[in-house]
Amino acid sequence: MPLFSTHRPARLWLAPLLLVPGLIGNVCAAGAAQVGTSQGVNFGQAVINSSCTVTTGDGSIGVRTNRSLITSDSAETGNFTGTRAAASISALSNLTDSAVLKVENPTLGGGTAASSAQVKVGTTGATWGAAGEVRLGADGTLESTPVHVRFSTTDNNNRFATGTYTASATVSCYE
């Protein structure tokens, strides 16, 4: 005798039961009577907000010895005084790669006003501009990314006056 029966009458007997809607799901409730009134179940609201936490690290600027350029970019050619180093930005968010970090408003403080102020964000293919941006990863994060600033002047025969200078830029996250 085989282990599994291929006897067709048993299958035919179950088939009509499977076609009756709700019969199988209500087998346990058969004969049960409702007691009292039905009650609703409520769920509290969910508040969904976009979040983006930007972390920054300071850089430092140097000046070309002829005082025509102030920059953080050590790749700039010429002789410089001061330590040139990139600032850094990174981000952790609940966004996706549709979000960007934008660096803008490069500002130079000191004795001579800058006539040109630029930023450069990232490394490969990064270009100088009035603003720069970098896209977050698919997981909504951005690993540490370099940010540079560069300033020139047309004052004082295209030379920055002696003195102390500081530089800054604004970093914002956009969805």
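Among residues of the stretch 117-133 that are at pLDDT 95 or above, those with a Cβ under 6 angstrom from a residue that is assigned to a loop (DSSP other than H, G, I, E, B), sequence gap 6+ or separate chain, pair up as Q118/W128; K120/A126; K120/W128.
Among the residues making up the stretch 71-89, those that are touching a Ser or Thr at 6+ places or on another chain (Cβ under 8 Å) and either without any contact (Cβ under 8 Å) to a residue 40 or more places away in the chain or surrounded by 17 or more Cβ atoms within 10 Å (Cβ to Cβ) (or both) are S72, G78, N79, F80, T81, G82, T83, R84, A85, A86, A87, I89.
Would you tally the residues in the stretch 98-110 being surrounded by 13 or more Cβ atoms within 10 Å (Cβ to Cβ) and more than 17 Å from G129 (Cα to Cα)? Summing the residues that are surrounded by 13 or more Cβ atoms within 10 Å (Cβ to Cβ) and more than 17 Å from G129 (Cα to Cα) in the stretch 98-110 gives 2.
The number of residues in the stretch 144-175 being over 21 Å from S60 (Cβ atoms) and either in a strand (DSSP E or B) or in contact with a strand residue (DSSP E or B) (Cβ under 6 Å, 6 or more places away or on another chain) (or both) comes to 3.
Filtering the stretch 111-125 to residues that are exposed (fewer than 13 other Cβ atoms within 10 Å of the Cβ) and of a type in the set (S, T, N, Q) leaves S115, T123, T124. Within the stretch 46-62, being part of a loop (DSSP other than H, G, I, E, B), touching a residue at least 40 places away in the same chain (Cβ under 8 Å) and small (G, A, S) holds for S50, S51, G59.
The values are calculated or read from the model by the stated rules, or taken from the named source; none is laboratory data. From a predicted model like this one, the values you see are computed outputs, not experimental measurements. Glycine also receives a Cβ, built like all others from the backbone with ideal geometry; neighbour counts cover every protein chain displayed.
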